[in-house]
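To keep things clear, I will list the structure first and then write my remarks on it.
Every number here is computed from the coordinates shown, using simple stated rules; none is lab data. The shown structure was predicted, so the numbers you read here are calculated from the model rather than taken from an experiment. Because the Cβ atoms are built from the backbone with ideal geometry, glycine has one as well, and the counts that use them run over all protein chains shown.
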């Protein structure tokens, strides 16, 4: 699909911010749909419905639904929005005679601090550290390059990581036996590994802390280089380009978004449906699963994210369900606070310092918990923003970045 700068259509009021907030709010829900599995059970459970025991038909259907519509799709979408946000903040800083670079790198420093605290003291599945690291280099493209350059460079970076990961997956049989056993353990864990990963979260907070520190240090290089530099950084650049072209801000014509939705969803669903079929029929054969997680689903996620952008921008341009849309926008305005709130709620539900439900619930039951948590966020976010200008963490991040207490109450 060719995107040119001549297809812009007029926009009124703050429509561009409505679309960004709406998509961000939906992405917050979509991310929790997948994260809930990692909160509630060992890592292999997130990847493989057969990891611990034979799944029920309902659980297998739940896995298929979340794999097709959510897995990697919403964090790809959120990465694009994060890139757009970097460019938006840089433009605002420049227009206010503030150094965009100075403000940006302060923001990324504090995001890194928040991420490290989150990863070590709350939940090992943190994404903020990776976003902060990727944000360090993508800013170099923010104000200095055209949209087309951003889209091309972002696509190249994603293509590089997809080729590397696909090559690695296709050569899975040549991996040394010891390394292969470790990787198979990630998909189909041994009883010893299940016990080792379960133990910290059913024992003391100190044991959890030790496990999270080990996980953080072991996975930081992979997160920072492969996913931060290539996958997430590339998605951020694409998000910047789409923002510049008015795609993310609902400034394109209705026909453009219809075409984008059709292109993205047809391409993405074709890939992810095949991927789902291959995984289920092979019962997560090692080589099939490696190719799926490392390449096929990642490519599908990119197309699906574009399709979702088209679909949600069509919603912004319509007058349908405006009250519900306003609630989703409020969630999006407080995405940082809501993301951390999800971690606090889920770790309290599943870990030993709270209700101790770790490894106790089925996939379908976990999906119902997502529904309950997000419903609560749909209720509390508009209420909060009626009384305060920012979400609590958004306010703290802003105050630290400007090194000045920001207005909080309305």
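General remarks:
- Cα-projected label distance for residue 121 with residue 57, points at 7 Å along beta-carbon direction, nm: 4.8
- When the convex hull of its Cα atoms is viewed from all sides, segment 107-249 shows a mean projected area of 10.8 nm².
- On the beta carbon distance between residue 388 and residue 344, with R0 = 25 Å, the FRET formula returns roughly 0.85.
- Gain upon complete extension [residue 371, residue 65; 0.36 nm per residue less C-alpha separation]: 108.7 nm
- Taking label positions 7 Å along the Cα-Cβ direction at both residue 164 and residue 408, the computed distance is 4.2 nm, reported to one decimal.
- Most to least packed among 317-330, 107-120 [average Cβ atoms within 10 Å]: 107-120, 317-330
- Fully extended contour minus Cα-Cα distance, from residue 185 to residue 217, at 0.36 nm per residue: 9.6 nm
- Relative to its residue count, segment 47-187 spans a Cα convex hull of 167 Å³ per residue.
- Computed [θ] at 222 nm, helices only, for the chain once each DSSP H run of length n ≥ 4 contributes -39500 (n - 2.57): -24000 deg cm²/dmol
- If R0 equals 45 Å, the separation of the Cβ atoms of residue 326 and residue 287 corresponds to a calculated FRET efficiency of about 0.45.
- Mean Cβ neighbour count within 10 Å, used as a protection proxy, ranking 391-403, 221-233 highest first: 221-233, 391-403
- Cβ crowding within 10 Å averaged over residues, with 132-138, 152-158 ranked highest first: 132-138, 152-158
- Measuring max minus min along each principal axis, the C-alpha atoms of segment 15-402 give extents of 58, 41, 40 Å (largest first).
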